[in-house]
1. Across segment 56-74, what is the number of residues that are assigned to a loop (DSSP other than H, G, I, E, B) and not hydrophobic (A, V, I, L, M, F, W, C)?
2. When you check L18 against the structure, is it of a type in the set (A, V, I, L, M, F, W, C) and modelled with pLDDT under 75, yes or no?
3. Being in a strand (DSSP E or B) and farther than 21 Å from L117 by Cβ is the filter here; which residues of segment 20-55 pass it?
4. Within segment 81-125, track down each residue that is more than 24 Å from D25 (Cβ to Cβ) and among the polar types (S, T, N, Q).
5. Is at least one residue of segment 71-83 touching a Gly at 6+ places or on another chain (Cβ under 6 Å), under 19 Å from S124 (Cβ atoms) and buried (at least 20 other Cβ atoms within 10 Å of the Cβ)?
Amino acid sequence: MLSRYFTASILSAGLFALGCSASRDVEVTGQVSAASAQGEIVLEFFDVNGNEKTSVHTAKAEADGSFKATVSVEGDELLVRALADADADGACSDGEQWGEATAKIEDDKVEPITIALSSAACPSE
């Protein structure tokens, strides 16, 4: 009997924690442009909550640079980083083009995002 009570308590606590999560799904659309990008365009989506950035999703842009993704976030801001991954290693390497844009989340939506890639020094994170 005690083990049933314990099991029920653990299950209830787990369901309560899931139900209290502040994350929500946000649809993100946009366009990536580059003068002469080589390789697939890899996108990384970050949940921005105060001073903290947490990677929450990765995707690839279509051949024309357009993208559409649904990401689960808790913060009020979203950072999208795009990389023309010429060496296909999934990370920014010297000489690869990349760019990023930040969007405010309002009513679980963001305005379409435009990202222009350039050959700037890779981001530190």
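The values are calculated or read from the model by the stated rules, or taken from the named source; none is laboratory data. None of the values given here were measured: they were computed from a predicted structure. No Cβ is skipped: glycine too gets one built from the backbone with ideal geometry, and neighbour counts run over all protein chains shown.
1. First, the residues of segment 56-74 that are assigned to a loop (DSSP other than H, G, I, E, B): 61-65, 74.
Filter once more, keeping what is not hydrophobic (A, V, I, L, M, F, W, C): 62, 64-65, 74.
Total satisfying the criteria: 4.
2. Here the answer is yes, as L18 does meet what is asked.
3. Of everything in segment 20-55, those that are in a strand (DSSP E or B) and farther than 21 Å from L117 by Cβ turn out to be R24, D25, V26, E27, D47, N49, E52, T54.
4. Scanning segment 81-125 gives S93, Q97, S118, S119, S124.
5. Yes - at least one qualifying residue is present in segment 71-83.
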